[in-house]
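Colleague: Pasting a structure here, questions to come.
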Amino acid sequence: MKNLWEEYLVKIKSHLKTTATSVAVILASQAALAAGVCTDDVRILAQPQAGLTTTEGFASEFEELAGVGFQIDYLNENDRRAKSRADASVIGKYNVYYVDEANLAQFASTGWIAPLLDHYPAEYDFEDFDSGRQTTATFDGKVWFAPITGGGDLMVYRTDVFEAAGVEPPKTLEELFEVVEKIHDPENGIYGYALRGQRGSGANVWRWMPYFRGFGGEWFNEDGTPAFNSEAAVKATETYLKLFEYSPPGTRTGSWDESTGAFNSGQVALIVESAPLGGMSLNPDNSNVSDKVAFGTPPAPLTGGGYAHGFAIGSKANETDAERDCAALWIAWATSKENELRRLEAGQSGELNRVSVFNSPEFAEAFGEELPAALEATAPFTRVNFWQNEKWPDLGNRWGIILEELITGQRTDINEALAELEAYAIELNSD
Amino acid sequence: MNRRSSLPYTFLIPTVALLAILALTPTIYALNVSFTDRTLFSSSSNYIGFENYIDLLSDRRFVNSAYVSLKWEIMTVTTTMIMAVGLGVLMFECASPKMRNLYCLIFLIPVLLPRVCAAFVWKFAFHPLYGIVTYPYRAITGQPLDLLADPTTALMVVGFVDVWQWGFFFAVIIVKLLESLPPQPIEAARLDNAKPWQIHFYVTIPMLKAPLISLALVKAIESLRSFDLIYVMTRGGPGIATETLDMYAFSQGFIEAGKIGYASSIAVIMLLTTIITFTIIWKRVNK
Amino acid sequence: MAEIVCQNIKKNYGAVEVVPDFSLHVEDHEFIVFLGPSGCGKSTMLRMLAGLEEITGGQLMIGGKVVNDLEPRDRGIAMVFQNYALYPHMTIRDNIAFGLRRIKVPEHEIKSRTEDVTSVLGLGPYLDRKPTELSGGQQQRVAIARAMIKTPDVFLFDEPLSNLDAKLRATMREEIARLHKKLRTTTVYVTHDQMEAMTLADRIVLMKDGQIEQVGSPEEIYERPVSRFVASFIGTPAMNFIELKVEQSGTEWFVVGEGVKLTFDSSRFDVSVGQQVTLGVRPSDFEAVSEVTDRTLAGECDLIEYHGDQALVSFRVGSVHLHALVAARQRPSEDEHVLFQIRQNTSHLFDATTGRSLLKQ
Amino acid sequence: MITRFLGKSLLVFCAACVLVPLLWTLMNAFKVNADLLTPVPQFFFDPTFENITYVLSRQSVFGALYNSLIICLSAVGLGLVLGLPAAYAIARNPNRITQEIQFFVLSLRFLPPVAVAIPFMVIWLNLGMYDTRWSMIITYSLITISITIWLSIPGFQQVPKEIEEAARVDGYGPYAVFAKVALPVAMKSLLGALAFSFVLVWNEFMLALMLTTSDAKTLPIVASEMSQQGLNVPWGILNAAVVLLSIPPLLLLGLLSSFLNRSFAQKNR
């Protein structure tokens, strides 16, 4: 008898157990349904950003929110551009792509990415992003990505060097030349200015474009014929090459890393670079000159190179609306105000994009009054300098190589160089 | 071996068949794609005949990269061989057998390093501002030294890293070859009062002619694999000063334009040139 | 135990004929030695017996069974190689047992048989060593043990002693002889060393250019060589040869040449007058005499090799150099005029053109 | 005497040329950027394990390490399974056909990597196998099989023929002779050949760069990506990655050195 009883009890217990688990499963899936509709881990192809590393540290938060994890694969800028194109067009492995101002046109017009706002959860408040970045994220009247980084150009200079030389921050290019000439002193390890020489539509061409546009240059006429082989381009190139005489070694084949690195290590007196440099130069972990920098707007007539990088929903990997909702949820979470505040705390000022963060007391505490004011002051100068077209990367990269040859002295004839680029543009447009 | 045995067939046929498939498929594929306008972004393409090849002829970057590749081959092969022979003889003459073994072990290290690593090590060592190699120059002149940004020296610096990897390795092989030579001719030359360098110049090196030629050939083949170093150190720059054929094909097929058809035509030209050249040389040398 | 029958065996490598036609009958228990200079095809022949070389033509029977197309393992043979061919990665024990393992002999039996064989060859202490830790003689013993343990019908030896030094060679030779006496296994033994052949063989097969020159007991081969080649190959110091011409005067038969006129017993030879012949005399068949007879050779001594109990006297007769072995005490001094007599009925005559022996059978 | 002293100094200098940059790199792996980016090289500094921990804690590094191991070991395994028998067959049957095969195998090394990479990229894309470990293993096996064959032939040729014949007389068939005698006897040379093929694919860069994005990404690719982590070139992290990536091939140093010794010692005979 006793044995029978025991058997019975065991049966009941196991029955209860299965019921309990199935209830739990149902509850959990409902929770997931409520939160998003994620069924698989979200895969993201991104470019390395310090702020993303911080975000990765809070992966469990997203897991709780969506019921799935995520995985970010990092590729450097050139490879990221190439491989995301290949993946978006043929494979479709990634739910989320990292796109930028330069390839947005291509990704949007080919349908490789889906419009973001159709899926973006309202509670994350897209309107909070800096308006410049919102504009950059817009193509063809639709918003395609949520920014992770971006901005315009900022002038950063060394107060100690300027005081010692008794000069004022330059307001125009003429003044810039005067100032640079005066403080350039390589014998004592101080270079007047720093530029980027490395090939690439986002490298040397990026820094050259403010001169080109500032002098009134245009890429193309209304009818699509190239217009850049102009006086403005010649003058911009001449100015750019002239300024390179004051730029520290390593920058002729270097890009952002080399020029900002030279500045932060205390070898450069003055630099006009993308806005994230501002915060970096104030951070003693990154900068040897954090206590002696000041900020200003780029000297006239330079335009600020408006740019923004961000996350967009991949079309191929997310065929259903539910999948797109999931990808959008990740994008919204990764670029949320909470995550931006975490980056701020970690000193990663380059990956901040929200107005509410810029205006927060934490921001003021970290960077004082001057930087936010300078950032605000640059906004009116910031423009889209490049040709907004899917063929821009190809054209920009070609000019990058030619420009690098000019900078390193492998060729000297600027007119001939521009003519070569023009021939290439005509060929490109004929395809 | 017993001729009736099936062993040679069962051991050779699957392997050779697999290798043939693995080698011929991409070759034929490359040939096929080189006649199309295939890009990385779509899987559809049209046959355009020899257009890619015709375009190549007027492409200044292609002509330049072919020239850079040729320079690279000649430069790395000759310097590697000169350094290897010199260092090999030096070890043979000046180091005791025990020390020689130690040196051999040390000199094997560079070639075992991943080329990506070697490239990074030296890229930082040649850094114009912080590099350890450029430090003496900076300390003396107070000027920075940016060799990788200078079109006249960039290729040499990259070539230096290549020679650093292979020259030491070949020196080890040459010491082993010298050790394997019969001692009588060297002793006879010594009895004739020949100086060490004379012994090596007139006796040992001529005796090693055949293996040295083979080594040079191996180096020439391995020099075709310059991509890793150039990719990490200069990416073909400054300008196009260090853009070799494989770097250019990579740029065309991948980074800049994704023109796989065009890149394939470069690859096909490289393939034909190297296979024909090396087959002729190899067969002639090994006759 | 088995007999071996070779019938018209041929071996070609492509167009090259190595063994044109080889026939031989080896009796059971017999110890046969293939002797000949290098390249005479003796090793090839042995390897065909072993099954390591394919037989191009003819028929090979071992133990009454045609084995032409059988694998070595199906022929009931065991082989000892010149360079020992021990498995370097195995211990001596495993080397010896390797063949038994394949046929799944129970481990305890392998053990007892290994011990038997190794105790015979005195290898007991080395069983757990690797071959490289043994001396050459010990290695060769292991190779023999490895062959013995299989209790084969036929033993094949391929120049087993030629990698050993002279002293060791003599010892091992003796050991092999004793082993054969004990086991009585049919044995084929290849060597280029006449001493080994003479001491070991029941019958010697003397080979030249892939063909059998002569088969016979050591005694027959030594005493009745069928050709000048055999005569020159066997015997140390080597036989003296003089080119002469046969002449007859009355009942006396002579061989005549430059400064030489010797009589011989014509009943022993098949010769005709005027025939060009080669006279063969072993150095030991010369005796020093003081008087000139019709069996003496006179010459100038120009070199004396002192061997201990004997001395080899080198002397010149006309333009020919000859050697005589004499008791050391009776040796002449150099540059002396010497006179040697050929012992009765010891000389050989060969046809000068064919080289065949003219001795009556 | 003076020339001898000069020669010895030159040798020491050469050894320094090899070792100093490497030790410098090792040192740099323990420096923060502020100690690294100094105009005067710093030999004394507070070591930090930040760089190493950062590298080791990266998911991508772990994934890549796993990929590298799986891909390289599988490719070397394929080289072993398919290459060694082929090398044996070539070594034991020297004739016109095997000579041609041997040359064909060698000529695979003439193929410019880019000429292999581009078509393979298209092929794997079309087959839906792009960026998978399988595609990498197959692609790399082209390298490992050919190198294994090429380097193992001498190893097998050095096995005395008589040993194999003894085994045949001992009753073993050709396959058993290969497995039980030829392989173990030639083992040391073969290990060297396999080690070489491992180092070759472990260090391979271009094919991996073009044929992988993330799932099958190998360690050299991740190391090269480290150069653009964040905004500054993280030289400390980069140096740490270089150190990490170089360890496995250097572990094989002894094996490869004895392989060289063996191959050249035999030529002397």
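The values are calculated or read from the model by the stated rules, or taken from the named source; none is laboratory data. What you see is a predicted model; the values in this text were computed from it and never measured. Quick reminder, even Gly has a Cβ in these numbers, built from the backbone with ideal geometry, and neighbours come from all protein chains shown. To get the accessible areas, we keep the full protein, side chains included, count just its heavy atoms, and leave off ligands, DNA and RNA. Shrake-Rupley method; radii C 1.70, N 1.55, O 1.52, S 1.80 Å.
Colleague: Read through the list (1) over 22 Å from the mean Cα position of the chain (by Cα); (2) facing another protein chain (nearest Cβ under 7 Å); (3) among the polar types (S, T, N, Q), then give the number of the only condition that D:Gln157 fails.
Modeller: (2)
Colleague: Can you name the condition, by its number, that C:Gly64 falls short on among (1) more than 30 Å from C:Gly124 (Cα to Cα); (2) open to solvent by less than 40 Å² (accessible area, probe 1.4 Å); (3) in contact (Cβ under 8 Å) with a residue 24 or more places away in the chain?
Modeller: Single failed check for C:Gly64: (2).
Colleague: Give the residue, chosen from D:Leu22, D:Leu65, D:Leu56, that is in a helix (DSSP H, G or I), within 12 Å of chain B (Cβ to nearest Cβ) and not small (Gly, Ala, Ser). Give the derivation first.
Modeller: On the way: D:Leu65 fails: within 12 Å of chain B (Cβ to nearest Cβ); D:Leu56 fails: within 12 Å of chain B (Cβ to nearest Cβ).
On inspection, the qualifying residue turns out to be D:Leu22.
So that you can scan it fast, the table gives a plain yes or no per residue for (1) closer than 30 Å to D:Ala179 by Cβ; (2) at pLDDT below 90:
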position	(1), (2)
C:Cys6	no, no
C:Glu30	no, no
C:Gly36	no, no
C:Arg47	yes, no
C:Val66	no, no
C:Glu71	yes, yes
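Colleague: Moving on. Mind listing whichever residues of segment C:185-201 are β-branched (Val, Ile, Thr) and within 13 Å of C:Pro218 (Cβ to Cβ)?
Modeller: First pass over segment C:185-201, keeping only residues β-branched (Val, Ile, Thr): C:185-188, C:190-191, C:199.
Result: C:Thr191, C:Thr199.
Colleague: Mind listing just one residue for me: the one in segment C:125-136 that is closer than 19 Å to C:Tyr87 by Cβ and in a helix (DSSP H, G or I) and, of those, modelled with the lowest pLDDT? Outline the logic, then answer.
Modeller: So in segment C:125-136, the residues closer than 19 Å to C:Tyr87 by Cβ come out as C:126-136.
Retained after the next criterion (residues that are in a helix (DSSP H, G or I)): C:126, C:131-133, C:136.
Working: C:Tyr126: 90, C:Pro131: 92, C:Thr132: 90, C:Glu133: 91, C:Gly136: 87.
That would be C:Gly136.
Colleague: For segment B:256-278, give me each residue that is closer than 20 Å to A:Tyr424 by Cα and either modelled with pLDDT of 90 or more or in a helix (DSSP H, G or I) (or both). Lay out the reasoning, then the answer.
Modeller: Keep residues of segment B:256-278 that are closer than 20 Å to A:Tyr424 by Cα, which gives B:256-263, B:265-266.
Those that are closer than 20 Å to A:Tyr424 by Cα and either modelled with pLDDT of 90 or more or in a helix (DSSP H, G or I) (or both): B:Ile260, B:Gly261, B:Tyr262, B:Ala263, B:Ser265, B:Ile266.
Colleague: With closer than 20 Å to C:Arg129 by Cβ, crowded, with 20+ Cβ neighbours inside 10 Å and aliphatic (A, V, I, L, M) as the only criterion, which of C:Ile77, C:Ile92 stands out?
Modeller: C:Ile92
Colleague: Moving on. Of the residues that sit in segment D:94-142 and are outside any helix (DSSP H, G or I) and at the interface with chain B (Cβ under 7 Å from one of its Cβ atoms), which one is farthest from D:Ile221 (Cα to Cα)? Full working, then the answer.
Modeller: Of the residues in segment D:94-142, the ones outside any helix (DSSP H, G or I) are D:94-95, D:111-112, D:128-132.
Among the residues that remain, those that are also at the interface with chain B (Cβ under 7 Å from one of its Cβ atoms) are: D:111-112.
Working: D:Leu111: 22, D:Pro112: 19 Å.
Among them, the one singled out is D:Leu111.
Colleague: What is the one condition in (1) at the interface with another protein chain (Cβ under 7 Å from one of its Cβ atoms); (2) within 21 Å of the chain's Cα centre (by Cα); (3) assigned to a helix (DSSP H, G or I); (4) in contact (Cβ under 8 Å) with a residue 60 or more places away in the chain that B:Leu155 does not satisfy?
Modeller: With (1) at the interface with another protein chain (Cβ under 7 Å from one of its Cβ atoms); (2) within 21 Å of the chain's Cα centre (by Cα); (3) assigned to a helix (DSSP H, G or I); (4) in contact (Cβ under 8 Å) with a residue 60 or more places away in the chain applied to B:Leu155, the lone miss is (1).
Colleague: Filter segment D:143-190 for residues that are open to solvent by less than 40 Å² (accessible area, probe 1.4 Å), of a type in the set (Phe, Trp, Tyr) and part of a helix (DSSP H, G or I) and give the result.
Modeller: Within segment D:143-190, D:Phe156, D:Phe178 qualify.
Colleague: For segment C:102-124, state whether one or more residues are within 11 Å of chain D (Cβ to nearest Cβ), at pLDDT below 90 and either in a helix (DSSP H, G or I) or under 24 Å from C:Val190 (Cα atoms) (or both).
Modeller: For segment C:102-124, residues within 11 Å of chain D (Cβ to nearest Cβ), at pLDDT below 90 and either in a helix (DSSP H, G or I) or under 24 Å from C:Val190 (Cα atoms) (or both): present.
Colleague: To continue, here is another question. Within segment C:295-350, restricting attention to residues that are of a type in the set (S, T, N, Q) and in a strand (DSSP E or B), which residue is nearest to the chain's Cα centre (by Cα)? Please lay out each step first, then the result.
Modeller: In the first step, residues of segment C:295-350 are kept if they are of a type in the set (S, T, N, Q); the result is C:296, C:310, C:314, C:319, C:330, C:333, C:341, C:344-347.
Adding the requirement that they be in a strand (DSSP E or B) leaves C:296, C:310, C:314, C:341.
Details: C:Thr296: 32, C:Gln310: 24, C:Ser314: 26, C:Gln341: 29 Å.
Here the answer is C:Gln310.
Colleague: From the set of residues in segment C:182-231 that are in contact (Cβ under 8 Å) with a residue 40 or more places away in the chain and of a type in the set (S, T, N, Q), which is nearest to C:Thr354 (Cα to Cα)?
Modeller: It comes out as C:Ser227.
Colleague: Same structure, new question: Go through (1) more than 10 Å from chain B (Cβ to nearest Cβ); (2) more than 19 Å from B:Val163 (Cβ to Cβ); (3) open to solvent by 20 Å² or more (accessible area, probe 1.4 Å) and name the single condition D:Lys31 misses.
Modeller: (3)
Colleague: All but one of (1) outside any helix (DSSP H, G or I); (2) in contact with a strand residue (DSSP E or B) (Cβ under 7 Å, 6 or more places away or on another chain) hold for D:Gln42; state the number of the condition that does not hold.
Modeller: It is condition (2) that D:Gln42 fails.
A quick yes/no check of all residues on (1) closer than 30 Å to B:Gln252 by Cβ; (2) surrounded by fewer than 23 Cβ atoms within 10 Å (Cβ to Cβ):
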{"site": "A:Leu117", "(1), (2)": "no, yes"}
{"site": "A:Ala137", "(1), (2)": "no, no"}
{"site": "A:Trp144", "(1), (2)": "yes, no"}
{"site": "A:Pro147", "(1), (2)": "no, no"}
{"site": "A:Ile190", "(1), (2)": "no, yes"}
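Colleague: Next question, about the same structure. For segment C:323-341, check the following and say yes or no: at least one residue is in contact with a helix residue (DSSP H, G or I) (Cβ under 7 Å, 6 or more places away or on another chain), of a type in the set (Ser, Thr, Tyr) and loosely packed, with under 13 Cβ neighbours inside 10 Å. Spell out how you get there, then give the answer.
Modeller: Residues of segment C:323-341 in contact with a helix residue (DSSP H, G or I) (Cβ under 7 Å, 6 or more places away or on another chain): C:323-325.
Next, from what is left, pick out any that are of a type in the set (Ser, Thr, Tyr): none.
No, that holds for no residue.
Colleague: Looking at segment B:182-199, which of its residues are open to solvent by less than 60 Å² (accessible area, probe 1.4 Å) and of a type in the set (S, T, N, Q)?
Modeller: Result: B:Gln198, single match.
Colleague: Moving on. Where in segment C:192-285 are there helices (runs of 4 or more DSSP H), lying wholly inside it, with at least 3 residues that are over 17 Å from C:Leu349 (Cβ atoms)?
Modeller: Numbers: elements: C:194-200, C:218-223, C:228-233.
Correct list: C:194-200, C:218-223.
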